[in-house]
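The values are calculated or read from the model by the stated rules, or taken from the named source; none is laboratory data. What you see is a predicted model; the values in this text were computed from it and never measured. Every residue, glycine as well, gets a Cβ built from its backbone with ideal geometry; the counts of neighbours run over all protein chains shown. For the accessible areas, the whole protein counts, side chains as well, though only heavy atoms, and no ligand, DNA or RNA atoms are used. Shrake-Rupley method; radii C 1.70, N 1.55, O 1.52, S 1.80 Å.
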Amino acid sequence: MRTLRIIMLAALVTPSLGCKWVEEMKSSAQAKNKSTDKIQEVHADQLVHFLNERAARMRSVEYSDTRMHVSGKGIPMPATLDGNLAAMQQRMFRMVSSGRVASAKLDMGSNDKEFWVYVAAPGDEPMYVYASHDDYASGRARMPGGIPFEPDWVLQALGMTTFPSTYQYSVAINERDRTYTLSWVAPTPTGSVRKEIVFDADGATGTRPQVKKHVIRNGKTNAVIAVAEIKSAQTEQIGIVEGTKLPAAIQYPTHIVLKWEDPRFEMDLNLDKATVNASFSEDPSRRGLFARPDIKGARAIDLARYEFK
């Protein structure tokens, strides 16, 4: 069970949206199946601008019905957990889940100062760890097994991350798969990783995701470390693009599969009953949603002051 807790902990804390690249997506009625035309060229700054513009439109998202199916090395039987998930800019995130049969529980979250993960598996002592973003960025706090943890990865998969203009971005076109891949090198406390975002090159509406994958690769070997694949999404119009008559749209995932290669681990997340751009601060009972919780019977371990053996 300790192996299960370590794998879940390490994997859970490691760790999006429609257009033609000249116009906003016009409407579902105008959407076409994948074209056979040659893919038009795009520049990296166009893709970055697209991501940042869409992230600016989605201030928050909450799923009141989530189902998580986990499997992988060290887990004798796949497990299913039900719960809820909420996220809000900037760096505000909370997911709470519990097992359908066994008394397993997960509570993971982040705010502007710190992140935390609580994992409880039947028959073993719960594990509860946390760290400040500053301690992690400086390398003072490290995850078990050297997993390249990045709290913002969850928000990135949800389509809520703003990407800086300071990275050296590049774009690769895949004519066969009809995709664009935006890539860049990002620093980590132990070196660097190469990150990729894979876009559908054709306009996506309805449940078809525009952003198909988020990939993390080893900075030296280029081997895949982790992948977040968006299987389906929901597209919603939220107004009109300023200065035009075109619809302003957002797209949020409804089905994500997260995979890690070493240790091998897979998390299949179905995200239902979404509410977008609600204000959490207006409800007094929910103002503490993104605060690290006090959990009875669990000792919170500061990763900057503890090293896993």
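I'd like to know if segment 103-117 contains one or more residues that are at pLDDT below 85, assigned to a loop (DSSP other than H, G, I, E, B), over 19 Å from the mean Cα position of the chain (by Cα) and of a type outside the set (S, T, N, Q).
yes
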Got a sec? Which of Gln168, Gln234 is in contact with a Ser or Thr (Cβ under 9 Å, 6 or more places away or on another chain) and at pLDDT 90 or above? Gln234
Residues of segment 175-196 being open to solvent by less than 50 Å² (accessible area, probe 1.4 Å) and of a type outside the set (Lys, Arg), in sequence order, are Thr179, Tyr180, Thr181, Leu182, Ser183, Trp184, Ala186, Thr188, Pro189, Gly191, Val193, Glu196
Please work out if Ile216 is of a type in the set (A, V, I, L, M, F, W, C) and modelled with pLDDT under 90. no
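Can you confirm whether segment 184-195 contains a residue that is under 23 Å from Asp268 (Cα atoms) and either part of a loop (DSSP other than H, G, I, E, B) or among the charged types (D, E, K, R) (or both)?
Yes, there is a match, as at least one residue in segment 184-195 is under 23 Å from Asp268 (Cα atoms) and either part of a loop (DSSP other than H, G, I, E, B) or among the charged types (D, E, K, R) (or both).
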